[in-house]
Amino acid sequence: MKKELAKLQIQKALSNDKLPDSEQWIYLLNNPFDDITNVLIDKYLEVYKLGKEFRNERQTLLINNISSYLSISNKNIVVYALYTRISEKFEPIIALIDTLKLFSPKHIQYLIKSDKINEVICCLGISKSFYTQDDLSDMDEVINLLDNLPNKGKIETVKGLLSKAKEKYICPNGHSNDLEDIFCSNYECQKNIKGLTQTQLNSIDLYKEKVAKLSKLLTKNLYK
Ligand SMILES: [Zn+2]
């Protein structure tokens with residue numbers, strides 16, 4: 001009964017934009033409940049934007065406690081809440097997913113299909129506390145999707161007034177390059193025809209290595 005009351009008080013306060021105090025956090029860290037997961041994450045994103053020196057006590061408590069709280073909350077709800085917020089507020093969300101080791105190849109597939117490639121690349125390096133055979137096939141599917149990204153740039157024949165027609169590589173941002181350029185020569189851009197930079201390709205390679213190692217490990221354990 002007392003517990004229910006504490007829960008209701010926290011919920012009511014949150015709906016009035018009032019964050020939990022230290023006593024309420026002690027309660028929450030022992031009794032997480034799913035109804036407030038989304039609200040807490042949204043509040044966290046708001047507070048995160050404020051500089052450290054501008055946060056009041058309750059806001060600082062939220063920043064300090066959120067990852068512990070999410071780590072004991074319902075994992076499916078947390079994973080869904082974080083991955084669906086990835087592009088809204090990119091950096092703090094990735095930081096949370098990373099701290100909580102919530103690598104989710106299923107959600108990453110969805111991000112690829114939603115054309116959120118920068119977000120995808122940031123997620124590839126995240127780990128998971130343990131991997132199953134299902135994870136492995138989902139991770140393989142991520143590779144498959146990455147290997148078959150559609151072209152965003154194009155090869156185009158450009159004819160100058162006095163010069164002969166020449167083939168050009170037009171990058172996804174519309175910069176015109178020599179045909180031999182795999183990556184756009186614009187320093188700020190550097191994208192290949194798929195919209196990826198060399199650094200991003202390197203991250204994908206690292207991910208592929210990780211999947212290959214994991215596959216060996218899992219098969220070994222399977223036939224032991
Ligand atoms: Zn470019």
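The values are calculated or read from the model by the stated rules, or taken from the named source; none is laboratory data. What you see is a predicted model; the values in this text were computed from it and never measured. Cβ placement follows ideal geometry from the backbone for every residue including glycine, while neighbour counts extend to all protein chains displayed. Side chains included, ligands, DNA and RNA excluded: accessible areas come from the protein's heavy atoms. Shrake-Rupley method; radii C 1.70, N 1.55, O 1.52, S 1.80 Å.
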_Let me make sure I get this right: for the chain, a, b and c are the square roots of the gyration tensor eigenvalues over alpha carbons, sorted descending. Under 1.5 in a/c it's rounded, otherwise prolate if a/b > b/c, else oblate. Which is it?_
oblate
_Run the lone-cysteine check on the chain: no other Cys C-beta under 4.7 Å from the residue's C-beta._
Cys122, Cys123
*Starting at the first residue of the range 87-103, write each ³J(HN,Hα) from the Karplus equation 6.51 cos²θ - 1.76 cosθ + 1.60 with θ = phi - 60°, in whole Hz, x for Gly and Pro.*
7, 4, 10, 4, 5, x, 5, 4, 4, 5, 4, 5, 4, 8, 6, 9, 4
_Most mobile of Leu161, Leu206, Leu111 in a GNM of the chain (Cα contacts under 10 Å)_ = Leu161
*Which value, in Å² rounded to 10, gives the accessible area of Asp21 with a 1.4 Å probe and all protein chains present?*
50
*With a/c under 1.5 counting as rounded, go ahead and sort the range 1-102 into rounded, prolate or oblate using the C-alpha gyration tensor (a ≥ b ≥ c being the square roots of the eigenvalues; past the cut-off, prolate if a/b is larger than b/c, else oblate).*
oblate
*Would you calculate, for the chain, the mean residue ellipticity at 222 nm contributed by helices, counting each DSSP H stretch of 4 or more residues as -39,500 (n - 2.57) and dividing by all residues, to the nearest 500?*
-18000 deg cm²/dmol
*Summed residue charge, Cβ within 10 Å of Tyr169's Cβ, Lys/Arg positive, Asp/Glu negative*: -3
_Rounded if a/c under 1.5, otherwise prolate or oblate - the range 119-224, Cα gyration tensor axes_ = prolate
_At a threshold of 8 angstrom on Cα-Cα distance, excluding pairs fewer than six apart, so keeping six or more, what relative contact order does the range 102-153 reach in percent?_
48
*Longest site-free stretch - the chain; sites: GluC sites (Glu not before Pro), DSSP loop, at most 12 other Cβ within 10 Å*: 89-179
*What dipole magnitude, in Debye to the nearest 20, does the range 1-102 give about its Cα centre under +1 on Lys/Arg Cβ and -1 on Asp/Glu Cβ?*
120
*Compare Phe183, Phe33, Phe130 by solvent-accessible area with a 1.4 Å probe and give them largest first, with all protein chains kept in place.*
Phe130, Phe183, Phe33
*How big is the gap, in Å, between the Cα center of the range 16-77 and the Cα center of the range 84-161?*
27
*Acute angle (nearest 10 degrees) that the helix 57-71 long axis makes with the longest principal axis of the chain, alpha-carbon atoms*: 70
*Tally up the carbon and sulfur contribution to the accessible surface of the chain as a whole percent, 1.4 Å probe, everything protein left in place.*
52
*Under 19 Å from the Cα of Lys128, which lysines turn up, not counting those fewer than eight places away in the same chain?*
Lys75, Lys101, Lys106, Lys208, Lys210, Lys213, Lys216
